[in-house]
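Heads up, the thing below is written out as structure tokens.
No value in this document is a laboratory result; all are computed from the given coordinates. In this text the structure is predicted, and so the values were computed from the model without any measurement. Positions of Cβ are generated from backbone atoms using ideal geometry, with glycine treated the same way; all protein chains shown enter the neighbour counts.
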Amino acid sequence: MTAAGSQESEWVGGQRSGLDVGEQVVSPYLWSRGIKRLDVVALTHAHHDHLDGLHSVMQNFRVGELWIGRDEETHAFEDLLKEAREHGVRIVHEVSGSKFDWDGVTGDVLWPADPTPVNEASE
């Protein structure tokens, strides 16, 4: 669900300014389809343009699991994980080679090959 995380806002004085795609685009679209619960939200990587909108998605929907690849040592990523825990969302680390099969929908996880955080992996 990378689109949910797309973000063009900035943080100004502790407040988000600009477009919150999770709140202003993704949530209204899902509501218009009658969706109130998401079994899984997958975060492809922990850059702001992918994760910031997920805060609104977790606030607006009952999310079952948050799939992440590797832990990143950034405040934004740590804040997202904290919010997921506060909402009772199960955090699942997925790595290359993992597979899923839900109601006939199957897929393979292609990245990351190693769940070690980028900073630790480079040492």
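How far apart, in nm, are two points set 7 Å out from the Cα along the Cα-to-Cβ line at Ile91 and at Asp114?
Placing both labels 7 Å beyond Cα along the Cβ direction yields 2.1 nm.
Could you give the length gained on full extension between Gln59 and Tyr29, defined as 0.36 nm per residue of separation minus the Cα-Cα distance, in nm?
Once the chain is fully extended between Gln59 and Tyr29, it gains 9.3 nm.
Rounded, prolate or oblate: which fits the range 20-123, taking a ≥ b ≥ c as square roots of the Cα gyration tensor eigenvalues, rounded meaning a/c under 1.5, else prolate when a/b beats b/c?
Oblate is the answer for the range 20-123, as a/c is 1.5 or above yet b/c matches or exceeds a/b.
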